[in-house]
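The values are calculated or read from the model by the stated rules, or taken from the named source; none is laboratory data. All of these numbers come straight from a predicted model, not from anything done at the bench. Here Cβ is always computed from backbone atoms with ideal geometry, including for glycine, and neighbour counts include all displayed protein chains. These area figures cover heavy atoms from the full protein model, side chains too; ligands, DNA and RNA do not enter into them. Shrake-Rupley method; radii C 1.70, N 1.55, O 1.52, S 1.80 Å.
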Amino acid sequence: MSEGNDVASAIADGSLGDTGSVLVAGPSKDVLRGVPTGLLDRAAGDGDGVVAVTTDLEPRTLVDRIERRVSGVARDDVAVVDARPQGDAVRANPRPLHWRMRSPMDLTGTSQAVHECLSTLFDRGVSTRHVVFDSLSRLVLGGDVQTVARFTHQLLVLADAPDALGVYPTYTNTTDEADLAQLAHLFGGRVDVRRRGESRELRCRGITGTPREWTAVEPTTPDRIGDVRVR
């Protein structure tokens, strides 16, 4: 586990690999900051790869975050699907591990790009490939939740493999509980995050060997990546 990256320290060894996929839910990006990469760090091993899908974050920021926060994953083994709104500014010939979509709602294109990235990493000898999405909430806001659920299910099937983890954050301030429930049943586990005063708390469901009660989280040395530590 990376230094200072023990947001997932309450999670038992191997339990995330068994879980396969996790929905991470909290009221905002700031409250969730550091949790998705903390979960990836808990699941990833030396020589693993990551496919990251962004609908908002700059791709370089996302790659920097993964490189800094997820031990065992080399920068060259991080693929990015850039699904931020781009209009016509899309490369006709994308790089093998960097694809660009016209918008977050190009779900077919995004699914194809994730498949290509997973295949390219496998061809390069990376057998365990994790997937992280920056947020499903933007997709729910831009379309209907049934379509987003079908798309998410497709990604989960594409990436399903022993020891691989999929991490999909959602923001509860923009995604209501009914929509969240339709998404949650797709996942092997769920991690809820909330703020309490100066600290945060997380609670896990559906993850073997993990306590279901809220666990206090406090900040460590601040940085722009979003370091957190579990007490």
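Would you please name the residue that is modelled with the highest pLDDT, looking only at residues in the range 78-106 that are open to solvent by less than 20 Å² (accessible area, probe 1.4 Å) and not β-branched (Val, Ile, Thr)?
Going through the qualifying residues, I end up with Ala79.
Which of the residues belonging to the range 11-56 are part of a loop (DSSP other than H, G, I, E, B), open to solvent by less than 30 Å² (accessible area, probe 1.4 Å) and either out of contact with any Lys or Arg (no Cβ under 8 Å at 6 or more places or on another chain) or hydrophobic (A, V, I, L, M, F, W, C) (or both)? It would help to see each step written out before you state the result.
The initial filter retains those residues of the range 11-56 that are part of a loop (DSSP other than H, G, I, E, B), namely 11-14, 20, 27-28, 33-34, 44-48, 55-56.
Next, from what is left, pick out any that are open to solvent by less than 30 Å² (accessible area, probe 1.4 Å): 11, 20, 34, 44-45, 48, 55.
Hits for the range 11-56 are Ile11, Gly20, Ala44, Gly45.
For every residue, the table says whether it meets (1) open to solvent by 10 Å² or more (accessible area, probe 1.4 Å); (2) farther than 15 Å from Ala184 by Cα; (3) part of a loop (DSSP other than H, G, I, E, B).
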site: Thr120; (1), (2), (3): yes, yes, no
site: Ser127; (1), (2), (3): yes, yes, yes
site: Thr147; (1), (2), (3): yes, no, no
site: Arg150; (1), (2), (3): yes, no, no
site: His153; (1), (2), (3): yes, no, no
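Within the range 177-200, how many residues turn out to be modelled with pLDDT of 90 or more, open to solvent by 60 Å² or more (accessible area, probe 1.4 Å) and assigned to a loop (DSSP other than H, G, I, E, B)?
Here the count works out to 1.
Residues of the range 208-231 being under 23 Å from Gly17 (Cα atoms) and either open to solvent by 60 Å² or more (accessible area, probe 1.4 Å) or modelled with pLDDT of 90 or more (or both), which ones?
Thr208, Gly209, Arg212, Glu213, Trp214, Arg229
Name the residue that is most open to solvent (accessible area, probe 1.4 Å), counting only residues in the range 57-77 that are of a type in the set (Val, Ile, Thr) and assigned to a helix (DSSP H, G or I). Working first, answer last.
Of all residues in the range 57-77, those of a type in the set (Val, Ile, Thr) come to 61, 63, 66, 70, 73.
Those left that are additionally assigned to a helix (DSSP H, G or I): 61, 63, 66.
On the way: Thr61: 42, Val63: 18, Ile66: 2 Å².
Looking at the filtered set, the residue picked out is Thr61.
Can you confirm whether Leu139 is under 19 Å from Val126 (Cα atoms), touching a residue at least 24 places away in the same chain (Cβ under 8 Å), assigned to a helix (DSSP H, G or I) and in contact with a Phe, Trp or Tyr (Cβ under 9 Å, 6 or more places away or on another chain)? Working first, answer last.
Working: under 19 Å from Val126 (Cα atoms): no; touching a residue at least 24 places away in the same chain (Cβ under 8 Å): yes; assigned to a helix (DSSP H, G or I): yes; in contact with a Phe, Trp or Tyr (Cβ under 9 Å, 6 or more places away or on another chain): yes.
Considered against the rule, which asks whether it is under 19 Å from Val126 (Cα atoms), touching a residue at least 24 places away in the same chain (Cβ under 8 Å), assigned to a helix (DSSP H, G or I) and in contact with a Phe, Trp or Tyr (Cβ under 9 Å, 6 or more places away or on another chain), Leu139 comes out as no.
When residues of the range 155-167 are filtered for being open to solvent by less than 60 Å² (accessible area, probe 1.4 Å) and touching a helix residue (DSSP H, G or I) at 6+ places or on another chain (Cβ under 7 Å), how many remain?
Step one: of the range 155-167, the residues open to solvent by less than 60 Å² (accessible area, probe 1.4 Å) are 155-156, 159, 161, 164-167.
Next cut, touching a helix residue (DSSP H, G or I) at 6+ places or on another chain (Cβ under 7 Å) only: 155, 159, 165-167.
So the answer is 5.
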